[in-house]
Structures are given as C-alpha cells and as structure tokens.
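The structure under discussion appears below in the form of structure tokens.
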Amino acid sequence: MSNSSSSFLKSSLGKKFIMGFTGLFLISFLVVHVCINACIYFNDNGETFNMAAGFMANNIIIKVVEVGLFLGIIAHIVQALVISMHNSKARPQKYAVQNQAVSSKWYSRSMGLLGTLLLMFLIVHLANFWVPTKLALYGENAKFVGYNVPDGFAGMKENPFEALKTVFANPIIVTVYLLGLVSLFYHLLHGFQSAFQSFGLNHKNYTPFIKSLGFWYSLLICLLFASMPITLFLGLIK
Amino acid sequence: MSHGNMNLTLKIWRQNSGSEPGQLVTYPVKDISPDMSFLEMFDVLNEQLVAKNESPIVFDHDCREGICGMCSMVINGRAHGPKTGITTCQLHMRSFKDGDTIVVEPWRAQAFPVIKDLTVDRSSFERIQAKGGFISVNTGTAQDANCLPIPKDDADASFNAAACIGCGACVATCKNASAMLFVAAKVSQFALLPQGKVEATTRVKNMVAQMDAEGFGSCTNTSACEVECPKGISLENIARMNREYLVANCVD
Amino acid sequence: MSKLDSKIPEGNLEQKWTKYKSSVALVNPSNKRNLEIIVVGSGLAGASAAASLAELGYKVKVFCYQDSARRAHSIAAQGGINAAKNYQNDGDSVYRLFYDTVKGGDYRAREANVYRLAEVSNNIIDQCVAQGVPLAREYGGMLSNRSFGGTQVQRTFYAAGQTGQQLLLGAYSALQRQIGLGTVDMFTRHEMLDIVKIDDKARGIIARDMVTGKLERHFGHAVLLCTGGYGNVFYLSTNAMGCNATAAWKAHKKGAFFGNPCFTQIHPTCVPVSGDHQSKLTLMSESLRNDGRIWVPKKQGDTRKGNEIPEEERDYYLERRYPAFGNLVPRDVASRAAKERCDEGYGVGASKMAVFLDFKAAIERFGKTQAKKMSIDNPSPQQIKEFGKQVIEEKYGNLFAMYEQITGENPYEVPMRIYPAVHYTMGGLWVDYNLMTTVQGLYCLGEANFSDHGANRLGASALMQGLADGYFVIPYTIGAYLSKEIAVKPIPTTHEAFAATEKEVQERIDKLFAIKGTKSVDHFHKKLGKIMWDKCGMAREEKGLREAIQEIRALREEFWKDLRVTGKPNEMNPELEKACRVADFLELGELMCMDALNRSESCGGHFRVESQTEEGEAKRNDDNFSYVATWENKGNNTYELHKEDLIFDVVHPSQRSYK
C-alpha cells in the first residue's frame, strides 16, 4: 500500500488529484471567508462582523484548520510548480504558429499565470489583514495602528472592522483587490469543474450541473468579495 | 465543383533528422484545385521538388481516408488543420482561399521526436499499449460470443472509445503535450466491458506509469484534445481513467 | 502437375479440417522456444498469426512499413465480418456460408479451403469478443447482425462503419501483449525487400530500415507473408498509398508461384475521380445501395444537374436490366453496368465518368413512414423531406459527411456521384491447404494469397479470411513443417545466402539511383495505372490485353532509363520506397495482363468481352477454365503456366443470374 500510494502521488494523475483536492478545499474555505466578511452588510458599525472575526481568531478548531489551510495553499502551489516544470519539458520545441483559441478557453490555458497573480494578491492580502491580526493577537506590543478594540471581546485586542475601513480607504489597494478578484474568478471558473474531472467525476447527466454550479459559485463569490472594498471605499457601509 | 484554382504560399518545417536543427522553408505553389485534398497538394509540391532535383518533403500518410491515423500535420497552428472531426488527409483545399499562407509543422512533443521533416516517431504510443492495452486471452480459449451479454450502452461507449485511431493529435494539440486522451481511450475501451474488468487495475496502473515514463505532460483539463480529436473521443474517457486509476490505487 | 500439390486432406468435406487438426504433427513446447518465425505485414492476418504463434511459444519477429502495426490497411474495412453463427435463427449454417462463398467466387475457389474458412468463422467472432472488440449489440446485450452484399441470411457482424479498425485493434492488442511479454520482436518502419533461401527453404528476409535506410538480415525457420493485395498496380484504388506487392513479388521471383493474378475486384460505389491530382479513391460502403437508386440521364451527354433532370428522363439502368435484384446486384455486375453506361456517353459530372446514386426516393419513403409514426396526417412536402433526411442521417450519416467532405456537395440535396474503383485482389501467391507457397517454409496469409475467394469476393469475407488464416489455420498447419525443422539451429545471418541476397537488394537500390533520369516515380506509376485500368480493368479483351502487355514492357524500359530518385539510399526516403514498389508493379502488371489474356472466359470480377451472353452478361467456361492459373517465374519477365484443377465434389457450378 505504501509503495502504491507513493507511486500514486508521484504519477501525473496523482498530482492532478492533489491539485483538485487542495483546490476544492480552498474553494470551501472561500465560502466560509465570504460569509464572515458578509457580516459587514448588517451595517451595524461592524458589530456582527467583529464578533465573527473574533470567533475565527480565537476558536481552537479554526486555528487547527488554519494550519491545514496554509498547508493546502502550499501544497497547491508546490504541486502546481512541479507540474508546470514537468509540462514545459514535455514540449521542448514550440510551435511557430499556434491557434489554441478555437479549442480551449484562455483561462483554462492560463491557470499558472492566474495562480501566480493570485499568489501575489494573497501576499498583499495577508500583509493587509492576517499579519496585523496575528501581531495584534500575539505580537510583542499586541497593539497595531488602526485597531480599536471595543470592550467585551475577550482575547480580541483590536477592531477588525475599523481595520477594513482603513485599508479600503486607499483607492490603489481597492484596485489591486478588484484585479485580484478578477484573477480569482477565472481561476475558479476553470478550477472548480476541473477538480471534478480530475477526480473522475464526469457524467453526461451531472457535468453540465457541475459546470454551471462552478460558474455561479465563481461569479457569486467574486462579486461578493468585490462588493466589500467598493462599498467600504464609497462609505456605503458604516 | 471547381471554383477556379488557387496560388498559395506554404511555410513547411524541414528538418533532415532528429539530431539536426530544422526551420520553416517557404514554397509557393500555383494552380491548386479546390477539389484536391491537402495531401494531394503536397504531392503536387513534391513533384515540383523532384523536377528540380530537390528532396521532397517527408510526411506520414497512408490510407488517405481518415482511418489509419498515420497523417499528422499541424496546419496553421491546428492539428489536422482548420476543420474539426477530420484528419489531415480528409482536409480539402476548398477550406483555403487564393493567396493564403499556410504554415505546416510536425506534431511537437518530447515523446514524439521528429524523424524527418513532418514525420515524427510515435512509438511511445506503442509502448504504452504494450503495457496493458489488451485483454489477456490466448487464441482458442474463448467461449461462445453470446455467452456474455453486454448492455448496448456499454458496448457503444466502448466502441466510441475504441474509435481512437492513435494519430496523436491530442498530444500535438495539448498545451502540455499530454497523452491523456489517447491512454484514456484505450483504458476506457476495456474498462467498459466485462471482459476487460478482470485486469482493470493492473492495466490502468501500468499504462499510466508508461505514459509518464515516456515524457508526456500532464492533463490540465483544457479540453483542447477533445475538440481537435478527429474521431471525437470524449473527455469522459479521461475522467473514467482518473476514476479507474484512483480505484486501482485504493484497492491494491 | 507435379509442382502443384494442394495437400488437401482426404475424406468428406465436413471432416477434412477436423481430421487434419487431430492428425497434424505437433511441435513440443520446448522445441517451439527454439523455432523462429518471421511475419511480414501486421494487418488482420499478420497480427493475428504473430500473436497466436507467440502464444504457442514460438519466437516471432514482425515487420511492417507503417509506424505502428495498427495502421495496416485492414483498418479501412467498413462493412463487417461474416460468420455462420446463425444467431438470427434464419437458417444459416457452415454449409451455407461455404456454399455462398464458393458461388459468389464464381466457382473458382478450392472447396476444402472455403469449407474450412466457413468452419472457423465462428471461432473468430468468439475470439474477437473475448479480446474486447466492441461489435454492435442489440438492447438485450446480444450481438447484432446485418445482411450484407445481397445474402439471404443475416450473418454479418459489424462495428458501425469501422469493423476493420475494431478487428485490427483486437489483433493488434493481442500482438502488443506479446510484444510486452517479450515473445515478439516488432520492427515498424521496416520494409521487406527480399526472401533469403537456403537449401531451397525460406530462411529469412532482407528488410530495409526505412528510418536509417540500412539493410538488415533476419533469420527465421519459416517466413509468413501477410502483406495484403496488389490493387495499387492500378495507381488509383481504395488501397492505402503504401500498399504494395513487393514482398509477394520478391517471393514469386524466388520460386513462389502466383495464382490467378488477373482476379481483381472492382467496387461499384466509390467517390469518382475529380482530376489528375487524384492520389487515391475512397470507398462508400456498399450498404448505400440498400436505399439509394442508381441512374443516369436517358439523354447522352446531358449536362443538367441531377436535380434538374425530371423523373421520366432518368434511366434506372440496374432496375431496368436486373428487375429481380435491382440496385443490389453483386459488385462485379454493378460495376460493369456503370462502366457500360459511361462508355456509351451517359456519364454524369464534370468528368462524365460517374453515375448518380440518388436518395430522393428513400428520403420521401422514410419521411412518409416517419410522419405516420408521429401521427401527422397530410404532412407537407417540407416535413416529409425533413423527417426523411433524419432517418437517412441516422443510417448513413457518417458516409454522407465523408462524401460531402471529399466532394463539397451535400448528398442530402443533390444525388451522389459514384464510380467503380479497384478494391481487392482475389489473386495472390499460390498456397496449398497448409497456406504454404511453392517455396518450402514460405507461407502466405490473408489477401496476399489466392486461396478462398475464387474470382470474386463477397462482402464481409475479407476480414473473415485474414483472421481465419492468422488465428485458426496457421497455428496448426505450420506445425506440419516446423515439426521437421526442430533440429535446425538458427542460421547466423553471416551465412553466404544472406550476404548474397543482401548484395542483390543493395545492387537493385544502387541501380535505381544510378538511372539519374528526369521522371518521378509517380509519373510511371500513373501511366501504369492508366494502362491497367483501361485495358485490364472492368472489361478485358484480347486486343487490349496484348496492347497492354506491349505498353507495360515499353513503360518498364523507360522506367529503367529515365527514372529519377532523389535523395540518398541511407536515409528516410519515400521516393526510393515508391521506386522499389513501382518497379515490382511494372512486372506484376504484365503478368496480370498475361493471366487475363490466358483466361478467355468471363468469371466473377474477370470479364472478357469475348465471353458474354447475348444480354451482355458474363459467361463462364467451366470445361476449359475450371482451374487455378498458377504462374512460375522463369526469370526475365517470362512465366510458365501451371494449372491446379478445381474439383467440385459438393457444389455444382451453375451460371449466376440476377435477372
């Protein structure tokens, strides 16, 4: 079994399986993420949002899952690099003329590029929110500019909602986020249904459903995410 | 049916052998009838080259009716040319216009090294097939053919997978030069039949291992192979192979 | 006569093969390991023979000129494969299949061979299904059959329109399995250029590696030629571009007699020639004649389009001449009738060498039935046409698409244009009951031999014969020879016979390059094809055949004076490959004409103008020609005729009539 599983993971099919598996895991994370963030639409001066954020920051299960999440992202990226390197060796001499547009979608062919953009965006995103939160929680001063913790939130040192507003007051950052979300949309558009194909789930009765689910999922998630910096920037959310 | 003849500019990949570099060489051709097949247009060009005592362009072709899978040209960036559902030999010149420039290249993949000009070595497919693309039944040991009823849908699906002509257009088209569609078609053909289930796990494992060893890229599910496949082999076969492979690795 | 011993076993026809199998000498498994067999060609016959022999334990080497065994031209067969399973309960039997094949061959085949073929036909289907060949099935899961080529029973098994491909993939998979097991050495992109004989026995071949151009020597205790037919003598045929007679012809020159070389099958429904550029012809399945009606205009030289010619000005000549069989007359009859009309000036299309195959009536008929099914009273003509088209598309969609692809015309709207084309050669190397040629240890299987189809092959019988020979005949019959060869140690290829034969081959290649003339190989091939088609094609007469022989001789002379082969011998060089093949065609073509000249009767696909009934039908002459014309090569394009008399113990030759 051990021999078999290692050969499975080393095979091209096994690698794709890992890509799909980690991808779907990240897709499920996005649902949680967007739900928490959507709490700002209670428009209650961030009260609900801060409550949810506080829960996420302190719950022990979430903390464990968070480690898994990072491992998932790393596995997804490493596997993507390994596969891309292997793939580029599979065609050393390129075509002089290639007409791929007729046979496949540009974003299906550009998952590596979209993924790289997403990684860059992710670094910005983590620097904006995750690092400050961790610093606020565990940092030496445990105090970060822009955070203002209301009373009554045990363990929560700062106010994440205020932080949101501060960050998204910057039009450049808002633009970066919107571009990042466009990349995310196309990455998901291919990735969602592709994961099912890699698991071997392709059936004439169900695949159209999976594909449309993937489309609506990608659209909804990205629109919801995109609405947040926009509404905050425009001051529609108080 | 003739709509007047055409003059064309061809840019064709010439490469003397696998160990030498190649390049695109420009050849004008005149007076090409729209009723000619693409390969007949090559015949005309080659006759001209012979007349000039130059060596003709080497390209694979045999049946010229779209079934042997020998012909293999990337025409203006598309495997088997601008039309779908046909092989290069079934392409006719009426698909082009007077004055067109046509770029013709060989299949390009690490696992399909160029032998000469537009001819490539597809023996990697042979080795994959030899690893498991069969049912181990010796001649003479078979029971009566109707002892084993097979649901029509399964038989038809198996047939649709078996329609693969092994031309390699899937590899040529795939951005990663992946052979998944070919291997999946072979795996599926047998996996769908009760006769083939006996060896299903070893078959898929051995064929995938050989596919990887040959240096093909991996599948990114862009579905380009399905679009360019002259026989319309479905992506469902790739999913089936993924499934078979997963199960095979889970059970032993 | 002493030179031809057909070795047909004694006894009743039904018992011959059974008795033979239980009495033929066997080779001990430990001896099989030391016996090497060379198989040339990897089509149905070659691949099935190689796989089966390797399974038995022999060491096998397989050679093919394509880049994969799976690409042999067996793959292009569309229609199906016959077997006497009687799954349809419609009265079929081994005897009926045997009888139909002998009759269909116009009584010019050997009874014992054909009976054996019919007997093993059932095993073939079992074997193929076990291998995973996806033959068509009914909803109940049982195998489906159809009627093919005008037979009265449904005995044809099929896999949509690509039965050949599916059967070949079955044999190929068996072969690949043996390659994977290390029991078969596969040599793709290799062409056999000569037989090596030692002490009058075939002991190996000289093959050219088509990638490097190197000549190679290969030893075998026996050599099997499974190299297909020689239809490409005609330049234009439904054969693949690479199909050739070289292996068989080289064997012939080394002592293997050639049987019935003039027996050629011309298939009536092919896409017509569109111009001088034409490189090959494409077959449209015979099944189209089930629903299509064949006609020409009643007026000579009518230039109107098919659709513009009113009903009363159309001549449905097959229905007129053969009211009983109509459009379903056998291939040879349909082909000749089309030629007759075109020769008389009634042909259609730009070249005037085509007839119409019209589906208008079928579309209307199906459309009306369909409307009834859907309970539509008084359907509009538009509706009828639409429904009819749907039915036709379901039945023949792929063929219609293929036609449109080639011609650019939509056959749902305008009648198809068709014309006969060379399709199959019934003649080939003469073999005895064991499939051995007149050279000891040299066997010939499949279309390459002359054996089972007489003067005309029935539809769906070629696949049957190839697989019968490879799977179920040669594994037994080769034992009769190899059991006597067990003491022979593999002969090293340094043996002088190998060296001498390789030298011969090398000199032939050098000679071709040394001509340094001005004309390409195709130039000569096209000229040969035209001579053959005009004078040794669908209708042959003494004057034309004599002219053809002279013209071929002159052309051959010109070939050896003015041929230009570009490139070098020691590289991948398709011009050289073609030159070697055409050099052989130029000799074989002459022999075909000589054979056609000798056989002054009409039979099957061979129609001698001098031998016809008052109504213009083929007239056989059993008193003088009930024999296999077998030609021995005496060198320098001279031949000696030997006759193997055909003895009919069971069936009684009668004149075919389709009126």
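Table for the structure above
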| read-out | value |
| --- | --- |
| Over chain B, relative contact order from alpha-carbon pairs under 8 Å, at least 6 apart, % | 19 percent |
| Charge context of C:His423, other residues only, Cβ under 15 angstrom, K/R +1, D/E -1 | +3 |
| Cross-link pairs beyond the 30 Å C-alpha cut-off, checked among C:Lys253/C:Lys511; C:Lys298/C:Lys373; C:Lys7/C:Lys543; C:Lys201/C:Lys503; A:Lys105/A:Lys165 | C:Lys298/C:Lys373; C:Lys7/C:Lys543; A:Lys105/A:Lys165 |
| Under the Karplus curve 6.51 cos²θ - 1.76 cosθ + 1.60, θ = phi - 60°, whole-Hz ³J(HN,Hα) for the stretch C:590-603, x wherever Gly or Pro sits | 5, 5, 4, 5, 5, 5, 5, 5, 5, 8, 7, 9, 9, 7 |
| Neighbour net charge for C:Ala51 - beta-carbon separation under 15 angstrom, K R +1, D E -1 | +1 |
| Net dipole in debye of chain C [+1 Lys, Arg Cβ; -1 Asp, Glu Cβ; about Cα centre; nearest 20] | 740 debye |
| Under the span-like rule (Cα at least 24 Å along the axis, Kyte-Doolittle mean at least 0.5), DSSP H helices of chain A | A:12-37, A:60-89, A:171-198, A:207-234 |
| Per DSSP, loop trypsin sites (Lys or Arg not before Pro) in the stretch A:87-135 with at most 15 further Cβ within 10 Å | A:Lys94, A:Lys105 |
| Cα-based convex hull, the stretch C:267-422, per residue volume (Å³, whole number) | 117 Å³ |
| Mean Cα-pair separation over length for the stretch C:267-422, i.e. relative contact order, pairs under 8 Å, 6 or more apart, % | 32 percent |
| Cα-based reach from C:Lys280 at 16 Å (exclusive), listing lysines while leaving out same-chain residues under 8 positions away | C:Lys526, C:Lys527, C:Lys530, C:Lys578 |
| Cβ neighbours within 10 Å from other chains - mean over A:219-232 | 0 |
| Virtual spin-label span in nm between C:Ser22 and A:Leu126, 7 Å along Cα→Cβ | 8.1 nm |
| Ordering of C:182-195, B:233-246 by burial proxy (mean other Cβ atoms within 10 Å per residue, highest first) | B:233-246, C:182-195 |
| Furthest towards positive pole of dipole, B:Ser178, B:Ile75, B:Ile233, structure part chain B, Cβ charges | B:Ser178 |
| Chain C: relative contact order in percent, alpha carbon pairs under 8 Å with at least 6 residues between | 20 percent |
| Rounded tilt (10° steps) of C:542-562 against the dominant C-alpha axis of chain C | 60 degrees |
| Size of electric dipole in the stretch B:123-251: Cβ of Lys, Arg +1 and of Asp, Glu -1, about Cα centre, debye, nearest 20 | 220 debye |
| Angle in degrees between helix C:331-343 and the longest Cα principal axis of chain C, rounded to the nearest 10 | 60 degrees |
| The stretch C:511-572: trypsin sites (Lys or Arg not before Pro) falling in loop per DSSP and having at most 12 other Cβ within 10 Å | C:Lys516 |
| Amide H partners (placed H, <5 Å) of C:Asp452, local residues excluded | none |
| Neighbour net charge for C:Lys634 - beta-carbon separation under 11 angstrom, K R +1, D E -1 | -1 |
| Cα-centred dipole magnitude for the protein assembly as shown, charges only on beta-carbon of K, R (+1) and D, E (-1), debye, nearest 20 | 1540 debye |
| C-alpha long axis of helix C:381-407 to longest principal axis of chain C, angle in ° | 30 degrees |
| Links that overshoot a 18 Å alpha carbon limit, given the list C:Lys516/C:Lys561; C:Lys516/C:Lys568; C:Lys339/C:Lys535 | none |
| Peptide-level mean, for C:282-289, of C-beta atoms on other protein chains within 10 Å | 1 |
| Loop chymotrypsin sites (Phe, Trp or Tyr not before Pro), the stretch B:143-216 (other Cβ atoms within 10 Å of the site Cβ: 14 or fewer; DSSP) | none |
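Every number in this text was worked out from the coordinates using simple rules, so none of it is lab data. All values reported here derive from a predicted model rather than from experimental measurement. Counting neighbours? That spans all protein chains shown, and the Cβs are built from the backbone with ideal geometry, glycine included.
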